[in-house]
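Colleague: Just dropping this structure here.
The values are calculated or read from the model by the stated rules, or taken from the named source; none is laboratory data. Bear in mind the structure is a predicted one, so any value in this text is a computation, not a measurement. Heads up, the Cβs are rebuilt from the backbone with ideal geometry, glycines too, and the neighbour counts pull from every protein chain shown.
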Amino acid sequence: MEFFHNVNINWMGKTKYFVTLSLLLLAIGWISIFRTVFVQHRTLYGIDFRGGTLIYVRFSGPPPIDKIRKGLEQAGLPNSTIQGISDTQNVASKNDVVIGLEQSSGDESLDAGKQKILEVLQKTFGGTTAKPDFNSVAASDLAADLTRKDPLTLGTSAGDRYAQLASSLVSARDSDHGGIITNFSELSNVPGVTPSVVGALQSDYSLNDFTIRDAEIVGPKVGSQLRRQAVFATLYALLGMLVYIALRFEWVYGAAAVIAVFHDVLITLGLFSLFHYEISLTVIAALLTLVGYSMNDTIVIFDRVRENLRLMRRESFPEIVNKSINQTLSRTILTSGLTFLTVLVLFLLGGEVLRGFSFAMVVGVVIGTYSSFGIAAPIVVLWNKHYGGKATAVSVGSAAAKRATAAARR
């Protein structure tokens, strides 16, 4: 399928505009990175790389971010991060926040950091430690408490019955009420629950305005190792692609493609800082994906350039490159456009967990497509103009030239 016929855009004549746009994006992004790291003293890395504790907290109403931050500062945790979550696919998660605590003193302090955050939440929101929180209790613990108290007066046959009842109560709490209830009367409709059961729950448990949904702990040693491996994985991918293109085409093509990919990654990282996204393992996966995507788009253009060098030996090299880009324009619009729509839907509807990954893909598809004709191709043209001359065209057509010479001699 071809959308555009007889396209005649002078892409190489607009090189100065492409370079200006790239320099502007790089400057904006890396000024943001400098400000984040050296002025605000914040890290760009997520919990996967920097090490620390993440506590996922759900509140019964809109989360009071300022109150949480004040409580953490009073507890001596001013460097903690607080991030609200808004998942359009899960209405209950609109009251969720993620509290992060960076750790640097060793793995042994991580559990202590988690406990300290829990204590801050208890103190800040008036939770009592005298009674366990029903919103956080496990089904097995609930079953043991019900068996001990025996509100249904079942006697010796209480064990299995209360195990089923506890499972039903926890399921109703998590499935029907989003993991948090504000009044024990909300459990009255659960099968098997009687007023005596509700009374037993009220006497043995408290109801906090929040509940801990999940906790993640990564040690600083593990985070540092993952950080090094992520850098090496990216560099190895670029090196492998450089070797492949150098063997398939010429070394200048490989160098241009790798420079364009570096350009894509640097702009994407700058935009991550600008929009306050953290770099996690899923983001590294997205960066490696966009490296391959951008490289593939560049190779398609270079391959058409190589073909046209055989067919258009009388044309100048910039004209050949322009013709090649125009000939592959329909293919670029189809593949890049459809990919962009897919990752855009993922960004809008994929939820908070995939937000960083999908943002990197959205930015990467656009920047990667642009860099193929706006950065990689002009680099090859510039090298050919100052150092290559007609060598590229002659080397590609050398076999045909030899055959023509031999035929003339006969």
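Colleague: Within region 225-237, does at least one residue satisfy the condition of being under 30 Å from Asn384 (Cβ atoms), surrounded by fewer than 17 Cβ atoms within 10 Å (Cβ to Cβ) and of a type in the set (Val, Ile, Thr)?
Modeller: No, region 225-237 contains no residue that is under 30 Å from Asn384 (Cβ atoms), surrounded by fewer than 17 Cβ atoms within 10 Å (Cβ to Cβ) and of a type in the set (Val, Ile, Thr).
Colleague: Shifting gears a bit: Taking region 130-161 as the region of interest, how many residues are farther than 14 Å from Thr211 by Cα, touching a helix residue (DSSP H, G or I) at 6+ places or on another chain (Cβ under 8 Å) and in a helix (DSSP H, G or I)?
Modeller: Total satisfying the criteria: 10.
Colleague: On to the next question. Quick one: in region 38-73, which of the residues that are of a type in the set (Phe, Trp, Tyr) and out of contact with any strand residue (DSSP E or B) (no Cβ under 6 Å at 6 or more places or on another chain) is surrounded by the fewest Cβ atoms within 10 Å (Cβ to Cβ)? Full working, then the answer.
Modeller: If we filter region 38-73 for residues that are of a type in the set (Phe, Trp, Tyr), which is where we start, we get 38, 45, 49, 56, 59.
Then keep just the ones that are out of contact with any strand residue (DSSP E or B) (no Cβ under 6 Å at 6 or more places or on another chain); that gives 38, 49.
Working: Phe38: 9, Phe49: 26.
Out of the qualifying residues, it is Phe38.
Colleague: Something else about it: Give all pairs with beta carbons closer than 6 Å in which a residue from region 342-354 that is under 18 Å from Gly46 (Cα atoms) and not assigned by TED's automatic domain parsing to the domain that holds Gly84 meets a residue that is surrounded by fewer than 16 Cβ atoms within 10 Å (Cβ to Cβ) and at pLDDT below 90; count only pairs at least 6 apart in sequence or on separate chains.
Modeller: As it stands, the answer is Gly351/Gln89, since those pairs meet every condition given.
Colleague: Going by the conditions given, is Ser316 surrounded by fewer than 21 Cβ atoms within 10 Å (Cβ to Cβ), over 29 Å from the mean Cα position of the chain (by Cα) and either of a type in the set (Gly, Ala, Ser) or under 19 Å from Phe357 (Cβ atoms) (or both)?
Modeller: Yes.
Colleague: Okay, next question. Within region 244-254, is even one residue in a helix (DSSP H, G or I), under 17 Å from Ile367 (Cβ atoms) and not assigned by TED's automatic domain parsing to the domain that holds Gly100?
Modeller: Within region 244-254, none of the residues are in a helix (DSSP H, G or I), under 17 Å from Ile367 (Cβ atoms) and not assigned by TED's automatic domain parsing to the domain that holds Gly100.
Colleague: Picking from Thr194, Thr234, which residue would you name as being hydroxyl-bearing (Ser, Thr, Tyr) and not assigned by TED's automatic domain parsing to the domain that holds His263?
Modeller: Thr194
Colleague: Do any residues in region 46-65 that are in contact (Cβ under 8 Å) with a residue 24 or more places away in the chain and farther than 28 Å from Ser175 by Cα have Cβ atoms under 9 Å from those of residues that are of a type in the set (Ser, Thr, Tyr) and in a helix (DSSP H, G or I), where the two are at least six apart or on different chains, and which pairs are they?
Modeller: Gly46/Thr282; Asp48/Thr282; Phe49/Ser224; Arg50/Ser224; Gly51/Ser224
Colleague: Condition first: out of contact with any Phe, Trp or Tyr (no Cβ under 6 Å at 6 or more places or on another chain), surrounded by fewer than 16 Cβ atoms within 10 Å (Cβ to Cβ), outside any helix (DSSP H, G or I) and not assigned by TED's automatic domain parsing to the domain that holds Leu72. Can you find one or more residues in region 162-174 that meet it?
Modeller: Checking region 162-174: not a single residue is out of contact with any Phe, Trp or Tyr (no Cβ under 6 Å at 6 or more places or on another chain), surrounded by fewer than 16 Cβ atoms within 10 Å (Cβ to Cβ), outside any helix (DSSP H, G or I) and not assigned by TED's automatic domain parsing to the domain that holds Leu72.
Colleague: Okay, next question. Return the total of residues in region 7-56 being outside any helix (DSSP H, G or I) and in contact with a His (Cβ under 8 Å, 6 or more places away or on another chain).
Modeller: Qualifying residue count, region 7-56: 0.
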